[in-house]
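Below you'll find the structure, written out as structure tokens, and then a few comments.
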Amino acid sequence: MTLDEWPSRMISYLAQSYRIILYNHRGVSGERNPAIEFTIPQAARDLHEVITQLAGREEGREEREGILKEAKEGAEYGEEKESAVHIVGYSMGGMIALEYALLYPYSVDRLVLLNADCGGVMKVPAEEWVITEMAKELSTPEAFIERAGKLLLTESYRCEHPDPLTWFVDYGEVADPHAVKEQFDAMALWEGVCPDLHTIRSKTLILTGDQDIVIPPENGEILAAAIPDATLHVLKGQAHGMIFCEPVKIAEMIEEFLG
């Protein structure tokens, strides 16, 4: 996905109370840097660059490490984490959010994981036909929509909304196909963070759909059992694309959690 594909109704709702930062992962839009491989840990470091720069923290590495040290010391003494952020990660974004929370624990206030898993051997994988379908390189927008509908939406939702153009109403430029392939490979090769989930300090909200075939809902249960301060909600009748089907409902759940 590109940043434009976040459901506008979801973002608009949350933007009434919060400053929202959306961004594209490396390679998705514009120039690529072939010298740096796209991985889930690298994406977490990229996110840290985005956050520190948008917060006006464009100093050098030593200065940034000093900022993190101050945040850590403040947290240990019960002081409010002034520069901490809430992170909402959807699907692969949830994996990146988990890596981020482990790499930079004192810069995260609350964590929201939508249709995510912990990766590695402990995750519950999708069925083989789903993985095969996701790995295909498609050439037309119509093929992308058809595949997205089959993987992200329930059959009942597609029957109730027979026009594919109504499934994903928010879109912008098409993501670079090479970047999409890199992301798929990164998820497949990710070693995961299951053994470290018990060290996550942030209060965490986990939302998953009971009909998710891309990241089965059992993965939400694994996350909720391992993260110390986690709340799990399994949405009935929802699949991997639940943020597109119920954008306002999910935004309300996130706002209640953050509030």
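Looking at 204, 208, 199 in this structure, which one is under 29 Å from residue 231 (Cβ atoms) and more than 16 Å from the chain's Cα centre (by Cα)?
Among 204, 208, 199, only 199 is under 29 Å from residue 231 (Cβ atoms) and more than 16 Å from the chain's Cα centre (by Cα).
Return only the number of the condition from (1) in contact with a Leu (Cβ under 7 Å, 6 or more places away or on another chain); (2) within 27 Å of residue 251 (Cα to Cα) that residue 130 does not satisfy.
(2)
Checking residue 145 against (1) within 17 Å of the chain's Cα centre (by Cα); (2) modelled with pLDDT under 90; (3) β-branched (Val, Ile, Thr), which single condition isn't satisfied?
Answer for residue 145: the failing condition is (1).
Would you be able to say whether some residue in the range 200-221 is modelled with pLDDT of 95 or more, closer than 24 Å to residue 38 by Cβ, aliphatic (A, V, I, L, M) and not in a loop (DSSP other than H, G, I, E, B)?
Scanning the range 200-221, I find no residue that is modelled with pLDDT of 95 or more, closer than 24 Å to residue 38 by Cβ, aliphatic (A, V, I, L, M) and not in a loop (DSSP other than H, G, I, E, B), so the answer is no.
Please find, among 149, 192, 241, the residue that is in contact with a Leu (Cβ under 8 Å, 6 or more places away or on another chain) and buried (at least 18 other Cβ atoms within 10 Å of the Cβ).
Among 149, 192, 241, only 241 is in contact with a Leu (Cβ under 8 Å, 6 or more places away or on another chain) and buried (at least 18 other Cβ atoms within 10 Å of the Cβ).
Which numbered condition trips up residue 244, out of (1) more than 18 Å from residue 40 (Cβ to Cβ); (2) not in a helix (DSSP H, G or I)?
In the conditions (1) more than 18 Å from residue 40 (Cβ to Cβ); (2) not in a helix (DSSP H, G or I), residue 244 misses (2) alone.
Residue by residue through the range 30-49, note down the ones that are in a helix (DSSP H, G or I) and aliphatic (A, V, I, L, M).
The answer is 40, 43, 44, 47.
Please note which helices (runs of 4 or more DSSP H) are completely contained in the range 81-175 and include at least 3 residues that are of a type in the set (D, E, K, R).
141-152, 155-160
Which one is modelled with the lowest pLDDT, of the residues in the range 17-60 that are among the aliphatic types (A, V, I, L, M) and over 20 Å from the mean Cα position of the chain (by Cα)?
55
Just a yes or no: is a residue in the range 128-138 surrounded by fewer than 12 Cβ atoms within 10 Å (Cβ to Cβ), under 23 Å from the mean Cα position of the chain (by Cα), modelled with pLDDT of 85 or more and hydroxyl-bearing (Ser, Thr, Tyr)?
Looking through the range 128-138, at least one residue is surrounded by fewer than 12 Cβ atoms within 10 Å (Cβ to Cβ), under 23 Å from the mean Cα position of the chain (by Cα), modelled with pLDDT of 85 or more and hydroxyl-bearing (Ser, Thr, Tyr).
The values are calculated or read from the model by the stated rules, or taken from the named source; none is laboratory data. Keep in mind that this is a model prediction, so the values were computed, not measured. Note: ideal-geometry Cβ built from the backbone for every residue, glycine included; neighbour counts use all protein chains shown.
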